[in-house]
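Down below is the structure, laid out as structure tokens.
All of the numbers you see were taken from the coordinates with simple rules; none came from a lab. All figures in this text were calculated on a predicted structure; none of them were measured in a lab. Here the Cβ positions follow ideal geometry from the backbone for every residue, glycine too, while neighbour counts run over all protein chains shown.
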Amino acid sequence: MTNESVWLLVATKARAEAVAAEHLARQGFGVCAPQLRVKKRRRGQWQWVVEPLFPGYVFVQLTLGEQDIAPIRSTVGCRGLVRFGGTPQPVPEVIISPSLAMNDQPVALDSALKAGDRVRIEEGAFAGLEAVFTLPKGEDRVQVLIDILGGTQRIVLDKEAISRVDPRG
């Protein structure tokens, strides 16, 4: 291995990205853990929350040939380096550059709904049902399509009464 600085991908324990990043940085590794600021519905209220851009992973920078990768596996919050064929592979520049540009500041995610987005109705008579967003109806209301009574029905709801369904499940 040569003495070049590379970025590698570290798998973290569940919801431990911040802890892993902190402990890796304490050991002298360069760390990049990009975050998003998203608006989510929690306990019936809309709140801004900060989430990892890559849940379960952080990037770590080290100099191959000078820094040992062995401590990463036993670092608090880390599961180990992501490997292909048993060898850690450097993260391509096209992936790491935008993450570094975020400068450890959470980037606000454009949460504007688009036609066809899956949403969940959070309050009212249809609470708990999923629907498909079709279009905004003024400042505070939206139109959605809902499958009910053997067909698809258009209904208009308060904008605050729906939340986006996470496509990741």
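Results, tabulated for the structure shown:
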item	result
Two-site FRET efficiency, LEU64 against ARG37, from Cβ-Cβ distance with R₀ of 45 Å, rounded to 0.05	0.85
Radius 10 Å from Cβ of ILE146, net charge of other residues (Lys, Arg +1; Asp, Glu -1)	-1
From phi via Karplus (6.51, -1.76, 1.60), per-residue ³J(HN,Hα) for region 129-142 in Hz, x at Gly/Pro	7, 9, 9, 10, 5, 10, 6, x, 10, x, 6, 10, 10, 9
Mean Cα-pair separation over length for the chain, i.e. relative contact order, pairs under 8 Å, 6 or more apart, %	22
Anchor LYS114: lysines whose Cα lies under 28 Å away (excluding residues fewer than 8 positions away in-chain)	LYS39, LYS40, LYS137, LYS159
Cut-off 20 Å, label 7 Å out along Cα→Cβ of ALA101, residues of region 1-26 by amide N	7-8
Anisotropy class of the chain from Cα gyration tensor, a/c 1.5 cut	prolate
